[in-house]
Amino acid sequence: MSDANIAIKVKSKVRTEQSLGEQVALSYASCGGPVWEMKEKGIKRYRCHVGHSFTQKALLQTQNDKLEETLWVSLRTLEEKKMFLRRMVEELATKGYKFIASS
């Protein structure tokens, strides 16, 4: 099966990717799938097990985008947790609970 045939399938077979390239210790940020480096001359290309195909530059950009998204989600989650805990403390304080601040 050729590289082009993989691209038109909904799902590809891992054996096919292995015949076209070498699996590398990376996962594709968009789908989390394992990545193969294609055996080609010239520009390095990569493919995941579901058929996503990308260059080194595209892989790096996808990783950067996913990392930035993850950091923003983490920051938002921490801020929401802080606000939620403050609301809980205020609510419990109105019910007579006392809190000791730790240092």
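The values are calculated or read from the model by the stated rules, or taken from the named source; none is laboratory data. Just so it is clear, the model here is predicted, and its values are computed rather than measured. Cβ atoms come from the backbone with ideal geometry, glycine included; neighbour counts cover every protein chain shown.
Results, tabulated for the structure shown:
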{"quantity": "Scope the stretch 42-83; condition at pLDDT below 95, among the basic types (K, R) and loosely packed, with under 11 Cβ neighbours inside 10 Å; matching residues", "calculated": "K57"}
{"quantity": "Residue in the stretch 84-99 that is of a type in the set (V, I, T), assigned to a loop (DSSP other than H, G, I, E, B) and exposed (fewer than 10 other Cβ atoms within 10 Å of the Cβ) present", "calculated": "no"}
{"quantity": "For S30: the one exception among (1) in a helix (DSSP H, G or I); (2) at pLDDT below 90", "calculated": "(1)"}
{"quantity": "Any hit, the stretch 51-61, residues being touching a residue at least 12 places away in the same chain (Cβ under 8 Å) and part of a loop (DSSP other than H, G, I, E, B)", "calculated": "yes"}
